[in-house]
Amino acid sequence: MNSELLELLLTRAMPFGKYKGRVIADLPGHYLAWFARSGFPQGQLGQLLALMHELDHNQISGLLDPLRVSHQTHRQNNQTGAGGTTAGRASTP
């Protein structure tokens with residue numbers, strides 16, 4: 001399994017459909033199963049959806065949890081700046 005594809009599951013958003021804008025790793029199982037029955041799109045999107053379907057179907061999507069934590073930490077560090085403070089934000093009482 002390609003670790004780059006696992007990372008993309010947590011960052012790539014669904015570009016169309018009912019769940020447009022939702023990260024692929026957060027798509028519901030029934031939606032992924034529908035693609036598996038109907039056919040996955042061509043290209044990398046289809047590859048990612050198929051991978052997520054396999055993880056979900058085999059109940060091993062928990063493999064993404066350490067990556068989720070890493071992405072959340074990275075996102076929080078980017079929002080607060082390198083020093084870990086929220087400089088420039090007004091505090092609320």
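Report the charge-dipole magnitude of the range 1-58 in Debye, nearest 20, computed about the Cα centre from +1 at each Lys and Arg Cβ and -1 at each Asp and Glu Cβ.
For the range 1-58, the charge dipole is close to 300 debye.
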With DNA, RNA and ligands ignored, accessible area of residue 54 (1.4 Å probe; Å², nearest 10): 100
Residue 12 accessible area, 1.4 Å probe, all protein chains in place, Å² to nearest 10: 80
So, in nm, how far is label residue 61 from label residue 77 when the simple model puts each one 7 Å beyond its Cα toward the Cβ? 2.7
Can you list residues from other chains, or at least 5 along the same chain, whose modelled amide H is less than 5 Å from the amide H of residue 40? none
Collect residues whose amide H, placed 1.01 Å from N in the peptide plane, falls under 5 Å from the amide H of residue 23; neighbours closer than 5 in sequence don't count. 14
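The values are calculated or read from the model by the stated rules, or taken from the named source; none is laboratory data. In this text the structure is predicted, and so the values were computed from the model without any measurement. Because the Cβ atoms are built from the backbone with ideal geometry, glycine has one as well, and the counts that use them run over all protein chains shown. Side chains included, ligands, DNA and RNA excluded: accessible areas come from the protein's heavy atoms. Shrake-Rupley method; radii C 1.70, N 1.55, O 1.52, S 1.80 Å.
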